[in-house]
Structure formats: structure tokens, C-alpha cells
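I have placed the structure first, in the form of C-alpha cells, so that the comments after it can refer back to it.
The values are calculated or read from the model by the stated rules, or taken from the named source; none is laboratory data. This is a predicted model, so every value here is computed, not measured. Counting neighbours? That spans all protein chains shown, and the Cβs are built from the backbone with ideal geometry, glycine included.
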């Protein structure tokens, strides 16, 4: 049987006493910086699952059950950047008691996917329309489980105790009654454990649960390391990362014991705090500096599976936990306008697609607007959070072009129909999702139109 505590000692000793303060501070900075770059997804997944399974939380569901949404995403929907066009089932699974079985129904005439993500943000299993996955029963199994599955069950091995699984099904907004049809379709994805399953205990955490939003204070203080150790105590680390975690034991970080900053010197605590702030800034910046820029848009082709590229893994987890591989969904994002200035609600912007110039996809595309740094949808009077290939009522120009208006106040004239509301104030960013993209997108041969200023 697996154990979540096989990756690190239960206690670790602080750094060597007697070092000059300057060296203690520098060493602590280096440890904090690297531990944060590596450990951010572990902390975020801990907070996401604690919130999602806590009975006081909105839209909660116990472990090994789905919360089944009956409406599309809106402000307050999730702590990670949600898809607005797809209806979702969301479940956190605990495989410590044995496999979890999922029954997949036949789904016709709509995009659908079932994507499982491990504790570090790697998307490790895909079922869905892109792959032509067959209806039937599948089993998520914590690797190393030696039991027998029922006949006819397809085994999916997972390297972590916990995983989050999202069922996404496209809602055809222009098709009457399709939301209700999609709700019924998603209800046919069902879960069950094997008889006698007894998962290991789980710490529910504080009430109310701590937020997983990147602007929450614990992502910017030494509390981060308390949370990292708590995540490791319950779930361990992924196979092959034990040696990475061991580098941080000297200051009591990355192990299954409680992190205690009071055991450290003032110099060490200063270094740790500086390392946290520097690492968060580096993770945030990596979304842009690691991507391939085309005009005002950034293409990131290394998403979903990261190997030992921990910085990229953390950057994607910050932007949206559980991002899929490009073949399923290529994420393209804009944080600046055509003049290189950050997108801000103080300005008005336009995106103009020529006739036939939309992203080439098999399923659908969408442009969604999120606040920064909280990555939240923007409440607005028309309840519109994205514009997509599924959006109805858009106004096209005489030449067939489509101009999207991004601004806080409602535009006048025909552009009012094409308004994508920005927040009342502050920075924001755009995510262009391309579901089942064609080769020009995957090979960098398609560039979306620029985000230009209208004032």
C-alpha cells in the first residue's frame, strides 16, 4: 500500500547555528526561492481541495464525489480561471482507500473531456471527444495498488494520492434547451469506490478555508511553508521529486513535519521572506517571458505536463490550475496592448477579426477576460464574461469582420452588441482558449489580431 509520507522525514533541523547573519540570510533566501518555485502547485492544490471539499464552501463536494454545476461559470465560480462556455463536473479524488471508478456515458454532438490533474498540476489522464474515447467504466488507481479490478474496467494509473478531475461539456448557447441537455448529459458521468474502501484521514484545514487566489496573503509570507509541509504530510511528493524536497530540509521546509519559523534566526526569517517575495514575482513574470510572443499575444506550448520544469509548472498553476496539453486546448493570452502597455480598465480596447480570420479549431474558441492578479471573472450588467464562437447576437461589419470592444463602460451603437466588459478599474488580462486546435495554431502559423487602443 502506498503511503503519503514516504517522501520526507517527519522532522527537519534548521540551518547550522554560528554562521554569520549575512550568510544565514543569503542561504535562507536561496532555499526559499527554490522551494517556492518548486512547491507552489502543491500548496495551491492543497488549498483548492480543502476549499472544494469543505462543507462551508460554496459548490463543495466530499472527496470522491462530483459537484455538478447546473449553470455556466460566473464571478465567484472558482479560485482558478474558469472556462465560461463549458458546463463542468468537478471532483477531488482520494485514492488512498483504493481505486475510484468512473462511468463514462456516450456523448453525442458536443465537445466533452474528462481530465485528471495530479497534486502538482500535471494533467495526467484524458478522455473525451478529441480522442474518441469509448463509453464504459474506467478506474483511477494510485500507482502501486496491487488489487484486482472488476472485469471490463480500464485502468488509469496515477502517481499521486489526490487528483482533481474535471468533466467539461460544451453548451451550444444558440441551441434552445442545450444547457438543460448538457446538465442531463453530465449527470451520467458517475463515480463509485470498490467495496471496503477506507481512505486515510484528511485534515480539513481551518474554517473558513484559506483562499487559493494568488493575491491571498499566505502566498506572500512564511505561512506558505507551513502549507507546503502540510501538503507533503498528506500527499507526499511525486515520484522522482524526493531529492528536490530534500534540498530544503535544513530549514524545516519540504518535509512532513510542521514548519516552525520561530526555530530559525532573525536573519534566516528575513532571507526566507525575501525569497518568497522574489519567487512569487518570478513565477508571475514567467507567464510572459517563457512564452512565444506573436503580436500582443503569448503562446505557451509547454502546458499540462512539465517534467522537472518546476518554474513553468508553477507559473501555469498560478494562472489556472489543471491547464490541459496544447493538443486539447492551446491557451493564448494577452497582458499588454499593441503599444506594449499593460491592459488596464482606464483605457478602451478593440480586437478586430477579419471575415474568416477566427482561430482554426475543431471544437470552439473563446476570449475570456480576468482581473489581475486575482484571476477572477468580472461582474457586469450584461452577465457576459467571454466572447466565443458560441456567442449569439454579435454584430458583424459589412465585410463580415467582427470587432470586440473591451472597456468598463458600455460602448455605443453596433459595438454595444460586441461588448466584453472590463472591471471598473485596475489591470486585467485576456485568455484565448482554442479547443482542439488545428495545425496552424499548434505550429505558430496563426496569429490572433492585436489588442489595440480605442482612445
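Residue by residue, here is whether (1) on the phi < 0 side of the Ramachandran plot; (2) in a loop (DSSP other than H, G, I, E, B); (3) out of contact with any helix residue (DSSP H, G or I) (no Cβ under 8 Å at 6 or more places or on another chain); (4) in the same structural domain as residue 364 (by TED's automatic domain parsing) holds:
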residue: 28; (1), (2), (3), (4): yes, no, no, no
residue: 31; (1), (2), (3), (4): yes, no, no, no
residue: 35; (1), (2), (3), (4): yes, no, no, no
residue: 38; (1), (2), (3), (4): yes, no, no, no
residue: 41; (1), (2), (3), (4): yes, no, no, no
residue: 45; (1), (2), (3), (4): yes, no, no, no
residue: 73; (1), (2), (3), (4): yes, yes, yes, no
residue: 82; (1), (2), (3), (4): yes, yes, yes, no
residue: 96; (1), (2), (3), (4): yes, no, yes, no
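Could you list all residues from the stretch 320-330 that are assigned to a loop (DSSP other than H, G, I, E, B) and within 25 Å of residue 440 (Cα to Cα)?
Filtering the stretch 320-330 for residues assigned to a loop (DSSP other than H, G, I, E, B) gives 320-328.
320, 322, 323, 324, 325, 326, 327, 328, listed by residue number.
Using the structure shown, decide if residue 90 is part of a helix (DSSP H, G or I), touching a residue at least 40 places away in the same chain (Cβ under 8 Å) and under 14 Å from the mean Cα position of the chain (by Cα). It is false that residue 90 is part of a helix (DSSP H, G or I), touching a residue at least 40 places away in the same chain (Cβ under 8 Å) and under 14 Å from the mean Cα position of the chain (by Cα). Taking residue 52, is it under 24 Å from residue 221 (Cβ atoms) and modelled with pLDDT under 95? Considered against the rule, which asks whether it is under 24 Å from residue 221 (Cβ atoms) and modelled with pLDDT under 95, residue 52 comes out as yes. Just one residue in the set 399, 362 is farther than 22 Å from residue 331 by Cβ and either in contact (Cβ under 8 Å) with a residue 40 or more places away in the chain or in a loop (DSSP other than H, G, I, E, B) (or both); that residue is 399. For the stretch 159-177, the candidate set comprises residues that are touching a residue at least 60 places away in the same chain (Cβ under 8 Å) and over 19 Å from the mean Cα position of the chain (by Cα); within that set, the residue that is farthest from residue 230 (Cα to Cα) is 174. Looking only at the stretch 378-389, decide whether some residue is farther than 22 Å from residue 71 by Cβ and not in a strand (DSSP E or B). Among the residues of the stretch 378-389, not one is farther than 22 Å from residue 71 by Cβ and not in a strand (DSSP E or B), which makes the answer no.
Entry remark, the stretch 98-110: residues being within 23 Å of residue 323 (Cβ to Cβ) and either at pLDDT below 95 or in a loop (DSSP other than H, G, I, E, B) (or both) number 2 in total.
Is there a residue being closer than 26 Å to residue 241 by Cα and assigned to a loop (DSSP other than H, G, I, E, B) anywhere in the stretch 164-171? Write out each step before concluding.
Let us first name the residues in the stretch 164-171 that are closer than 26 Å to residue 241 by Cα, namely 164-166.
Still in the list and also assigned to a loop (DSSP other than H, G, I, E, B): none.
No.
Consider the stretch 402-424. How many of its residues are surrounded by fewer than 17 Cβ atoms within 10 Å (Cβ to Cβ) and part of a strand (DSSP E or B)? Counting residues in the stretch 402-424 that are surrounded by fewer than 17 Cβ atoms within 10 Å (Cβ to Cβ) and part of a strand (DSSP E or B) gives 0.
Okay, residues lined up against (1) outside the structural domain of residue 113 (by TED's automatic domain parsing); (2) surrounded by fewer than 21 Cβ atoms within 10 Å (Cβ to Cβ); (3) assigned to a helix (DSSP H, G or I):
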{"residue": "277", "(1), (2), (3)": "yes, yes, yes"}
{"residue": "281", "(1), (2), (3)": "yes, yes, yes"}
{"residue": "301", "(1), (2), (3)": "yes, yes, no"}
{"residue": "304", "(1), (2), (3)": "yes, no, no"}
{"residue": "308", "(1), (2), (3)": "yes, yes, no"}
{"residue": "315", "(1), (2), (3)": "yes, no, yes"}
{"residue": "318", "(1), (2), (3)": "yes, no, yes"}
{"residue": "332", "(1), (2), (3)": "yes, no, no"}
{"residue": "340", "(1), (2), (3)": "yes, yes, no"}
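Only a single item in (1) at pLDDT 95 or above; (2) over 23 Å from residue 402 (Cα atoms); (3) under 19 Å from the mean Cα position of the chain (by Cα) is not met by residue 318, and it is number (1).
Listed residues 358, 370; which is within 23 Å of the chain's Cα centre (by Cα) and either under 21 Å from residue 298 (Cβ atoms) or not assigned by TED's automatic domain parsing to the domain that holds residue 173 (or both)? So that I can check it myself, show each step before the final result.
On the way: 358 fails: within 23 Å of the chain's Cα centre (by Cα).
The conditions single out 370.
Answer yes or no as to whether residue 204 is part of a helix (DSSP H, G or I), surrounded by fewer than 16 Cβ atoms within 10 Å (Cβ to Cβ) and either in contact with a helix residue (DSSP H, G or I) (Cβ under 8 Å, 6 or more places away or on another chain) or without any contact (Cβ under 8 Å) to a residue 40 or more places away in the chain (or both). It is false that residue 204 is part of a helix (DSSP H, G or I), surrounded by fewer than 16 Cβ atoms within 10 Å (Cβ to Cβ) and either in contact with a helix residue (DSSP H, G or I) (Cβ under 8 Å, 6 or more places away or on another chain) or without any contact (Cβ under 8 Å) to a residue 40 or more places away in the chain (or both).
Would a scan of the stretch 257-268 turn up a residue that is outside any helix (DSSP H, G or I), surrounded by fewer than 21 Cβ atoms within 10 Å (Cβ to Cβ) and free of Cβ contacts under 8 Å to residues at least 12 places away in the same chain? Reasoning before the result, please.
Of the residues in the stretch 257-268, the ones outside any helix (DSSP H, G or I) are 257-260, 264-265.
Pick out the ones that are also surrounded by fewer than 21 Cβ atoms within 10 Å (Cβ to Cβ) and you get 257-258, 260, 264-265.
After this cut, where a residue has to be free of Cβ contacts under 8 Å to residues at least 12 places away in the same chain as well, the list is 260.
Within the stretch 257-268, one or more residues are outside any helix (DSSP H, G or I), surrounded by fewer than 21 Cβ atoms within 10 Å (Cβ to Cβ) and free of Cβ contacts under 8 Å to residues at least 12 places away in the same chain.
Just so you know, in the stretch 41-63 the residues that are surrounded by fewer than 21 Cβ atoms within 10 Å (Cβ to Cβ) and touching a strand residue (DSSP E or B) at 6+ places or on another chain (Cβ under 6 Å) include one that is farthest from residue 115 (Cα to Cα), and it is 59.
Whether any residue in the stretch 173-187 is in contact with a strand residue (DSSP E or B) (Cβ under 9 Å, 6 or more places away or on another chain) and either at pLDDT below 95 or within 28 Å of residue 307 (Cα to Cα) (or both) is what I want to check. There is at least one residue in the stretch 173-187 that is in contact with a strand residue (DSSP E or B) (Cβ under 9 Å, 6 or more places away or on another chain) and either at pLDDT below 95 or within 28 Å of residue 307 (Cα to Cα) (or both).
Residues in the stretch 437-449 that are outside any helix (DSSP H, G or I) and either surrounded by 19 or more Cβ atoms within 10 Å (Cβ to Cβ) or not assigned by TED's automatic domain parsing to the domain that holds residue 355 (or both): 437, 446, 448, 449.
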